[in-house]
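Asks: What follows is a structure written as structure tokens; I'll ask about it next.
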Amino acid sequence: MLQILTARLKTVAPVWTGGVDRESSQARETGLAGSLRWWYEALVRGLGGYACDPTAVDDRCFFNEAAFQATGEVEDGLRDVCPACRLFGCTGWSSKFNFRLADAQGRMPVELGREGVTFQMRFVEVKPLAEEERWLLSRVLHLIDRYGSLGGRTTLKPPEQPDYGVVEVRENIPAPELSREEVARRLAGLLANSADMQRRQAAQPSQIPRLDLFFFNDDHWLDLRAINDLMQVDSSGFLAGKIGVSKKIFSFRVGNRFWGYAADRTMLTKVMDRLAALGVRGTKKGEVVINEL
Ligand SMILES: [Zn+2]
């Protein structure tokens, strides 16, 4: 039986939905669904699972139509499709839900470009979500609410610009009672079943966002000087980003928070040490946050 999963939220800072046509509600929905997917992928990787990189030419999933036709089993077509693509879709396989934004009363469209707007995210099932998919999606919303931010362009926001993308999740989607270990076990099961996904996971660059290499602070924000200081720990330029490549540290005065991610454990340790030296307390490594989920 197909359901509509509804989350109720409120903008704390305007949400930049970043569509080319910003008047179009569909562009807004596409932008926010992309942001949810980005967090979903990072969480799957942080739990030891595999999520492809939809921006990489040689690391994408597609539904194996021939394998499906041969047996009539959807799972055969999906064997080499990563958990993120199973939920959000890939070539030959549509998303399991239609994503809709509505205002607090359920009316469309809703404009999220200012603070204090209450709104709904609706995941209208087209195919039934697996238990672990509902669990992961609810945890993504929790992460965004407690530590992160929402919206496609958040990650390209210059530090001196106003804050974007801080939201409060007032009511999360209903999720099954699963343990984090059980979800990790199911993700491992999908990976164990596909030599192709194992190969692609092994070939992924270490810089791909994975939640265990994130750092979060939900009690401090960083000014531009502190961010620039923090970027000094990394001579590779990964944290600082470059033209067309996002920086990796995001601070929100309005939300009184910052988050970011490192390319490897050594860089993460350097970031944590520098934050401590700057007198910033309470920064959590991603693995600590994962263990809270
Ligand atoms: Zn994929």
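Asks: Given Cβ point charges of +1 (Lys, Arg) and -1 (Asp, Glu) and nothing else, what value in debye, to the nearest 20, does the dipole of region 51-136 about its Cα centre take? Don't jump to the answer; show the numbers that get you there.
Replies: Details: 10 positive and 15 negative charges, 93 e Å.
So the magnitude is around 440 debye.
Asks: Could you rank the peptides 65-75, 25-35 by their average count of other C-beta atoms within 10 Å per residue, with the highest value first?
Replies: Output ranking for 65-75, 25-35: 25-35, 65-75.
Asks: For region 23-95 and region 174-243, what is the separation of their Cα centres, given in Å?
Replies: 17 Å
Asks: Then there is this: For the residue pair Gln105 and Asn193, what label-to-label distance in nm results when each label sits 7 Å from Cα along the Cα-to-beta-carbon direction?
Replies: In this crude label model, Gln105 to Asn193 measures out at 4.5 nm.
Asks: If each of Gln232 and Thr118 carries a label point 7 Å out from its Cα toward its Cβ, how far apart are those two points in nm?
Replies: 4.7 nm
No lab work stands behind these numbers, since they all come straight from the coordinates. All of these numbers come straight from a predicted model, not from anything done at the bench. Methodologically, a virtual Cβ is constructed for each residue, glycine included, from the backbone with ideal geometry; neighbour enumeration extends over all protein chains shown.
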